[in-house]
Amino acid sequence: MTHTERHIIDTYSGLFEGLSSLGKLELLERLAKSIRKDGKSKEKDFFSSFGAFASDEPAEEIAKEIRDSRKFRKKDLKI
């Protein structure tokens, strides 16, 4: 555990002192859920990112549209 993580944990544990027992139990349940979900959601997010851009146009047509939509301006620089 890094020094930063230890400091964060110490800071939050001070905040937890003011919670009721029921509040602390609710917090524990939510932390446990986030730990169980953490590994699955990262993997799911990674694989769901593939194919995020959907189009019926061929790749060459999309690339041509992007190139054609570019706008450049000429500006003389006085040095």
Charge dipole (the chain, unit charges on Cβ, about Cα centre) - positive-most of 18, 32, 58: 58
Label selected from (i) 52, 35, 26; (ii) 51, 38, 21; (iii) 65, 47, 24, the criterion being Cα extents along the principal axes in Å as computed here: (iii)
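Bear in mind that the values in this text are calculations on the coordinates, not laboratory data. This is a predicted model, so every value here is computed, not measured. Cβ atoms come from the backbone with ideal geometry, glycine included; neighbour counts cover every protein chain shown.
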